[in-house]
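Notes follow once the structure below has been shown.
The values are calculated or read from the model by the stated rules, or taken from the named source; none is laboratory data. Remember, it's a predicted structure, so these values are computed and weren't measured experimentally. Counting neighbours? That spans all protein chains shown, and the Cβs are built from the backbone with ideal geometry, glycine included.
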Amino acid sequence: MRLLNWLFRDGMVTIEGLIIWRAVLAIAVLMVTILLMRWFLRRLARVFQRWGKALRERRTERLTARAAEIQEDTPYDLLFLHEKGFVRARGTGRSITEIYAQVENLIRKRLNIVIKPGTYFVSSGSHQNMVTRTEESFTIYPCTTRDLHIKASCINAEAPIPGGRDRFYGVAWVSDDLARFLEASKDADPMVVQAGVWALADGYSGHDVQSRLVAQDQFGHTRQAVSDAHIAEARRVLNRLGMRHNL
C-alpha cells in the first residue's frame, strides 16, 4: 500500500513512479532481447555446425574417391599421403631430440603409414624445422587422428630451438645427402645425429656445434651437450658416406 501511495498520488503517477516504471520496462525489454539473442545465436551455431559437418562429409567423400587405388594392407610413405591430401600432418615442439606429432586420416580407408628418416615437419614460425631420424610405422583408422612421439633433430641451426608452444604444419623432404646421413646414423646417439645434421644443412664445424648447443642443470650451470666423441662419430659417418663437411 505504501508503495502504491508512493507511485500514485491524488490519482496521478508521481515522477518517482514514472522513473521506476520506465526502468522496469527497460529491464524487461533488455531481458527479452537477451533471451531472443541467445535463442538466435544457438540456432545460428547449429546451422554452422550442420554446414561445417556437411562440408567435411563432402570433402571426405571426394578424397576417398580420389584414393581408390590406395590399398589398406599396403604401407605408404607419410610424405606421399600428405602430398595427395589424404592425411594432415601437424606437430608441437618438445625438445631438440623429439617432436609431438599428430597425423589425421582424411579418408574412409585404413592407412598403414611409414615415416622415413629425412621427413621433416615444417615450422609454422621462426623456429627450426624438425627432421625425423628413425623410421616410424603405424596404422590410422578411417577419419581418425594418431598421436606420436617422434625422434627428431633440428635443422636450420641459426633459428631458435623449438619449445612446447611452437607448432609445425605439413611435412617435406630434406636433401638427398642429409637423408643418406640420417639413414646411416639412425642407431647413433641423438647428439651424433644433430652434429651431422647441422654440418650438412648449415655448414657447421665441430666448434660451431658445441658452441650452439649447451645443456643447463637445475642450478643454472652450463656444459657442452655435444662431446668431442659425438663430433668424432658424426665425422666418421660423413667420411664413410664420402660427403664434404666442416666437422
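Screening segment 184-247 for helices (runs of 4 or more DSSP H) wholly inside it with 2 or more residues that are farther than 18 Å from Cys154 by Cβ, outside the structural domain of Glu136 (by TED's automatic domain parsing) and of a type in the set (Gly, Ala, Ser) returns the ranges 228-240. If you take the residues in segment 137-164 that are hydroxyl-bearing (Ser, Thr, Tyr) and part of a strand (DSSP E or B), which one is surrounded by the most Cβ atoms within 10 Å (Cβ to Cβ)? Among residues in segment 137-164 that are hydroxyl-bearing (Ser, Thr, Tyr) and part of a strand (DSSP E or B), the one surrounded by the most Cβ atoms within 10 Å (Cβ to Cβ) is Ser153. For Ser175, the conditions (1) modelled with pLDDT under 95; (2) in contact with a Pro (Cβ under 9 Å, 6 or more places away or on another chain) are fulfilled apart from (2).
Would you call Glu158 among the acidic types (Asp, Glu), in contact with an Asp or Glu (Cβ under 8 Å, 6 or more places away or on another chain) and at pLDDT 95 or above? No, not satisfied. For segment 165-183, the tally of residues that are assigned to a strand (DSSP E or B) and closer than 20 Å to Leu81 by Cβ stands at 6. Could you tell me whether segment 93-100 includes any residue that is surrounded by 12 or more Cβ atoms within 10 Å (Cβ to Cβ), touching a residue at least 12 places away in the same chain (Cβ under 8 Å) and touching a Cys at 6+ places or on another chain (Cβ under 6 Å)? Scanning segment 93-100, I find at least one residue that is surrounded by 12 or more Cβ atoms within 10 Å (Cβ to Cβ), touching a residue at least 12 places away in the same chain (Cβ under 8 Å) and touching a Cys at 6+ places or on another chain (Cβ under 6 Å), so the answer is yes.
The rows are residues; the columns are (1) surrounded by 15 or more Cβ atoms within 10 Å (Cβ to Cβ); (2) touching a residue at least 60 places away in the same chain (Cβ under 8 Å); (3) touching an Asp or Glu at 6+ places or on another chain (Cβ under 8 Å).
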position: Asp177; (1), (2), (3): yes, yes, no
position: Arg180; (1), (2), (3): yes, yes, no
position: Glu183; (1), (2), (3): yes, yes, no
position: Ala188; (1), (2), (3): yes, no, yes
position: Gly203; (1), (2), (3): no, no, no
position: Val209; (1), (2), (3): yes, no, no
position: Gln216; (1), (2), (3): no, no, no
position: Asp228; (1), (2), (3): no, no, no
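Within segment 94-114, which residues are farther than 12 Å from His149 by Cβ and either over 18 Å from the mean Cα position of the chain (by Cα) or outside any strand (DSSP E or B) (or both)?
Of all residues in segment 94-114, those farther than 12 Å from His149 by Cβ come to 96, 103-114.
Answer for segment 94-114, where residues must be farther than 12 Å from His149 by Cβ and either over 18 Å from the mean Cα position of the chain (by Cα) or outside any strand (DSSP E or B) (or both): Ile96, Leu106, Ile107, Arg108, Lys109, Arg110, Leu111, Asn112, Ile113, Val114.
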